[in-house]
Amino acid sequence: QVQLVESGGGLVQPGESLRLSCTAAGKILSLYNMGWYRQAPGKQRELVAISVPGATTTYGDSVKGRFSMSLDNAKNMATLQMNSLKPEDTAVYYCYSVLREDTFGSPRTLWGQGAQVTVSS
């Protein structure tokens, strides 16, 4: 079965940058969307960015102007460039995608394993 494999994350100081990557590993018939959500301790999971192939990317209000996402539909891979990071960006970032693996099954919603991003001085 297809899995979402994340990489990146880590510990940075305020104002610095990080990059996350997500790849849908396996055979895919159709990729409907791909993006990231994040969840900080004690808070609900929130949208960071999500992209639909051939359409514009939607960003969460708290990251607009600082984060930028790119989607390579041919490689089933996405990258999230996070600039001007703030302590409030500290969270676990989860890759998300809705995709179809073959013509027989229904679209599936997948989540990555999560990547910790910590912004602290």
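The values are calculated or read from the model by the stated rules, or taken from the named source; none is laboratory data. Keep in mind that this is a model prediction, so the values were computed, not measured. In this analysis, Cβ positions are derived from the backbone assuming ideal geometry, glycine residues included, and neighbour counts consider all displayed protein chains. Only protein heavy atoms, including side chains, enter the accessible area calculation; ligands, DNA and RNA are left aside. Shrake-Rupley method; radii C 1.70, N 1.55, O 1.52, S 1.80 Å.
Matching residues to (1) in contact (Cβ under 8 Å) with a residue 24 or more places away in the chain; (2) of a type in the set (Gly, Ala, Ser):
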site: 2; (1), (2): yes, no
site: 29; (1), (2): yes, no
site: 51; (1), (2): yes, yes
site: 72; (1), (2): no, no
*Evaluate the following for residue 105: is it assigned to a loop (DSSP other than H, G, I, E, B), open to solvent by less than 60 Å² (accessible area, probe 1.4 Å), out of contact with any Gly (no Cβ under 9 Å at 6 or more places or on another chain) and on the phi < 0 side of the Ramachandran plot?*
yes
_residue 38 - would you say it is among the charged types (D, E, K, R) and within 10 Å of the chain's Cα centre (by Cα)?_
yes
*Which condition number in (1) in contact with a Ser or Thr (Cβ under 6 Å, 6 or more places away or on another chain); (2) closer than 26 Å to residue 11 by Cα is the one that residue 100 fails?*
(2)
*Considering region 1-31 alone, what residues qualify as being modelled with pLDDT under 95, part of a loop (DSSP other than H, G, I, E, B) and either over 20 Å from residue 92 (Cβ atoms) or over 17 Å from the mean Cα position of the chain (by Cα) (or both)?*
1, 2, 26, 27, 28, 29
*Can you tell me which of 103, 90, 57 is β-branched (Val, Ile, Thr) and free of Cβ contacts under 8 Å to residues at least 24 places away in the same chain?*
57
_Being without any contact (Cβ under 8 Å) to a residue 24 or more places away in the chain and either part of a strand (DSSP E or B) or surrounded by fewer than 17 Cβ atoms within 10 Å (Cβ to Cβ) (or both) narrows it down to one residue among 84, 121, 97, 68; which is it?_
68
*Can you name the residue in region 43-56 that is at pLDDT 95 or above and surrounded by fewer than 16 Cβ atoms within 10 Å (Cβ to Cβ) and is also nearest to residue 79 (Cα to Cα) among such residues?*
46
